[in-house]
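I have placed the structure first, in the form of structure tokens, so that the comments after it can refer back to it.
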Amino acid sequence: MPSPSGNAAPAVNERYSVAIVGAGPTGLTLANLLGLEGVRALVIERNATTVQEPRAVSIDDESLRTMQAAGLVEMVLPAIVPGYGSDYLSQNGRCFVSVRPTEAPYGYPRRNAFRQPVLERRLREGLARFASVGALFGHALESFSQHDHGVSLRVRRPDGRPVEVRCDYLVGCDGADSTVRRGLDVALEGSSPSERWLIVDLENSEVDSPHTIVFCDPARPAIALPGPDRTRRFEFKLHPTERDEDLLAPRAIERLLATHGADPRSTITRTVVYRFHARVAARWAAGRVVLAGDAAHLTPPFAGQGMNSGIRDAHNLAWKLAAIVQGVVGPGILDTYEAERRRHVWEMIRLALRMGRVMAPRNRLTAWAVQGGFRLLGLCPPARDYIAEMRYKPTPRFASGFLVPDGRSARRTLVGRLLPQPRVVASDNRTVRLDTVLAPRFASGFLVPDGRSARRTLVGRLLPQPRVVASDNRTVRLDTVLGNRFALLVWTARPEAVFAAADQPIWERLGAKRIAVVPPGIDREALPGIETVRDTDGGVAAALARYPDHVLLLRPDHYVAACIPPGELARGAEAVAALVGRTSEGLRGGSRAAPPAHRGLSRDRAISRSPTGPAPAAANRRSGTPGSACGPAGSR
């Protein structure tokens with residue numbers, strides 16, 4: 001019998017490197033990324049198929065970049081509406097602020113409309129590319145136990161019979177009511193406000209504006225969101241005295257739609273009342289078991305970041321699990337997952353809560369004050385552009401985790417940031433995205449401080465994705481050159497001289513590709529072992545202006561792991577090798593505090609000392625230690 005993933009039916013009596021519970025966007029993205037690295041993985045989903053009803057409706061630039069890494073972006077792009085904005089209306093129907101992002105630092109529009117059922121189908125179809133990945137739909141996880149060398153899962157088949165699945169690592173991507181999280185006895189921390197919202201999904205709906213309309217009327221806060229293929233979603237806030245069943249009545253829904261500009265010819269496909277949550281799991285991992293997506297955090301919908309946060313989790317985890325399986329790093333690298341992701345998740349939750357207060361003012365006085373404040377900001381061009389371009393969205397970066405700090409401030413450092421993806425001209429004269437030059441293959445990653453302040457350093461930041469001209473003269477996004485592997489990237493007019501000292505064994509161990517981006521007008525010589533591409537429109541120069549001739553170590557997820565000053569490759573390699581060596585110490589357990597940062601590279605001068613490793617976490621050790629058992633819990 002063929003499996004739902006398109007491959008031969010997976011054998012449940014075999015051992016897998018990674019088992020993934022939950023076939024939503026997070027789990028399926030993780031499975032595709034692992035498949036690209038040849039990791040033997042199994043997806044277990046209690047439902048018979050992927051979701052059929054609309055859920056998430058907004059996919060951002062970072063998630064599209066992850067789809068690019070998974071080799072699926074060309075399948076996803078035709079099904080989205082790219083680059084839509086938002087208009088916020090007062091109770092009088094006047095627009096007091098417009099959001100119209102035009103910048104695309106990561107290679108794609110910041111905000112895009114999509115349909116989750118279509119995305120999940122594309123992700124599921126993507127699994128058919130991999131002989132190493134299987135999927136079991138209609139199978140429910142009942143319990144699991146972990147021991148020194150793996151995890152054993154008890155899974156219920158569609159016919160009700162139990163079966164055992166064995167794996168090295170288990171990732172719970174099974175939603176808000178996660179069986180895996182409950183099995184670990186991990187609580188959700190945060191709040192669940194009492195607000196209720198009515199969702200109405202429409203098809204065959206003509207719209208006058210391609211942008212989201214936010215009705216910031218305290219009498220009835222509401223949102224109208226456009227979607228692909230003439231779909232549209234309306235959301236209406238319920239008052240405390242209103243009953244769910246009253247607002248779900250067809251006549252009540254018709255009145256709400258009619259007073260908010262809905263096309264009367266639309267077809268209603270779904271109505272539901274939901275309560276949002278702002279909660280994060282107390283721990284994201286226990287030994288060999290890890291939580292991701294809604295199993296680890298629940299985000300209010302107002303910023304459209306719930307699903308996108310889960311896709312960030314998947315990208316962070318995928319290369320680390322692959323690195324462990326392939327023997328490049330030790331299992332201790334999983335201790336960096338929560339350290340790198342937790343703070344950013346909370347930043348997104350706080351952003352959503354702030355946006356919710358603007359969308360749904362408590363009373364007319366609050367509405368007048370907030371809306372008047374935005375009108376005043378609109379008189380100041382820098383403030384107006386800050387809002388219009390969505391620069392208020394938290395930057396993808398982290399200050400601790402698997403990195404080598406460079407000593408620069410958080411604002412100025414590249415370490416720990418996602419690398420931009422400009423288009424470059426590759427050695428064969430093609431203009432391609434930079435990530436293309438790094439052909440898909442396993443890589444590993446980390447961060448070494450560079451001595452710069454948090455504001456100025458690039459370490460720990462997601463590098464932007466400008467366009468570059470590749471060796472074949474194609475103009476592409478940067479990630480097309482980079483691929484999914486480690487890379488040594490330098491912006492320089494003299495690549496041969498800069499890379500001459502990069503002969504340390506650690507770069508070979510990481511499989512790091514060498515890429516030089518040269519300024520416009522500089523001839524690109526064919527250099528052995530170096531991929532040379534050209535900055536097309538100054539995108540690379542803008543991203544790396546503070547790091548000329550520095551060698552940037554990029555992780556497979558395009559975060560900057562280290563920024564090594566000119567002439568310091570030997571010392572930088574020593575810091576990186578020490579960081580990789582720390583991962584062999586084994587799993588210590590998911591404390592919410594990140595381990596102390598490595599004292600790595602000093603700013604623009606030689607490393608004065610070898611990096612020191614993180615001190616063991618003293619508190620909040622993971623539960624689920626070897627030999628422990630976790631019983632049955634909730635559903636996806």
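Could you identify the single residue in Gln116, Gln52 that is within 21 Å of Pro226 (Cα to Cα) and either at pLDDT 95 or above or among the basic types (Lys, Arg) (or both)?
Unique residue meeting the criteria: Gln116.
Step by step: first the residues of segment 260-311, then only those that are among the hydroxyl-bearing types (Ser, Thr, Tyr) and under 18 Å from the mean Cα position of the chain (by Cα), then the one that is farthest from Pro221 (Cα to Cα). Which residue is that?
Let us first name the residues in segment 260-311 that are among the hydroxyl-bearing types (Ser, Thr, Tyr), namely 266-267, 269, 271, 274, 299, 309.
Okay, now just the ones that are also under 18 Å from the mean Cα position of the chain (by Cα), so 299, 309.
Values: Thr299: 19, Ser309: 25 Å.
Checking each candidate, the answer is Ser309.
Restricting attention to segment 554-571, which residues are in contact with a helix residue (DSSP H, G or I) (Cβ under 9 Å, 6 or more places away or on another chain) and in a helix (DSSP H, G or I)?
Leu569
Go over the candidates Leu463, Leu489 one by one and state the one that is at pLDDT 90 or above and touching a Pro at 6+ places or on another chain (Cβ under 6 Å).
On the way: Leu489 fails: touching a Pro at 6+ places or on another chain (Cβ under 6 Å).
Of Leu463, Leu489, the one residue that is at pLDDT 90 or above and touching a Pro at 6+ places or on another chain (Cβ under 6 Å) is Leu463.
Could you say whether any residue in segment 380-393 is at pLDDT 80 or above and either of a type outside the set (S, T, N, Q) or over 30 Å from Leu34 (Cβ atoms) (or both)?
yes
Just the residues that are closer than 21 Å to Gly24 by Cβ and outside any loop (DSSP other than H, G, I, E, B), please, taken from segment 72-110.
Val73, Met75, Val76, Leu77, Ala79, listed by residue number.
Residues in segment 140-162 that are over 29 Å from the mean Cα position of the chain (by Cα) and under 12 Å from Ile20 (Cα atoms): how many?
Total meeting the criteria: 0.
Search segment 369-395 for residues being surrounded by 13 or more Cβ atoms within 10 Å (Cβ to Cβ) and of a type in the set (Phe, Trp, Tyr), and hand back the single one that is nearest to Val97 (Cα to Cα).
Phe374
Which condition number in (1) surrounded by fewer than 23 Cβ atoms within 10 Å (Cβ to Cβ); (2) in the same structural domain as Gly38 (by TED's automatic domain parsing) is the one that Gly93 fails?
Condition not satisfied by Gly93: (2).
Out of Phe96, Phe130, Phe137, which single residue is over 16 Å from the mean Cα position of the chain (by Cα), within 27 Å of Pro556 (Cα to Cα) and among the aromatic types (Phe, Trp, Tyr)?
It is Phe130.
Taking the options Leu291, Leu321, Leu247, name whichever one is more than 24 Å from Glu189 (Cβ to Cβ), touching a strand residue (DSSP E or B) at 6+ places or on another chain (Cβ under 9 Å) and assigned by TED's automatic domain parsing to the domain that holds Leu28.
Leu321
Could you check how many residues of segment 468-486 are buried (at least 24 other Cβ atoms within 10 Å of the Cβ), over 21 Å from the mean Cα position of the chain (by Cα) and not small (Gly, Ala, Ser)?
Total meeting the criteria: 3.
Among Pro566, Pro556, which is the only one that is outside the structural domain of Gln326 (by TED's automatic domain parsing), crowded, with 24+ Cβ neighbours inside 10 Å and modelled with pLDDT of 50 or more?
Sole residue among the options that is outside the structural domain of Gln326 (by TED's automatic domain parsing), crowded, with 24+ Cβ neighbours inside 10 Å and modelled with pLDDT of 50 or more: Pro556.
What do you reckon, is Val12 at pLDDT below 95 and β-branched (Val, Ile, Thr)?
Spelling it out, Val12 is indeed at pLDDT below 95 and β-branched (Val, Ile, Thr).
Among the candidates Thr267, Thr366, Thr336, which residue alone is among the hydroxyl-bearing types (Ser, Thr, Tyr) and buried (at least 24 other Cβ atoms within 10 Å of the Cβ)?
Exactly one residue qualifies, and that residue is Thr336.
Restricting attention to segment 493-526, and to residues there that are in contact with a helix residue (DSSP H, G or I) (Cβ under 6 Å, 6 or more places away or on another chain) and surrounded by fewer than 23 Cβ atoms within 10 Å (Cβ to Cβ), which single residue is nearest to Asn473 (Cα to Cα)?
Result: Arg514.
The values are calculated or read from the model by the stated rules, or taken from the named source; none is laboratory data. No experiment lies behind these values; they were computed from the predicted model shown. Using ideal geometry, Cβ is built from the backbone for each residue, glycine included, and neighbour counts are taken over all protein chains shown.
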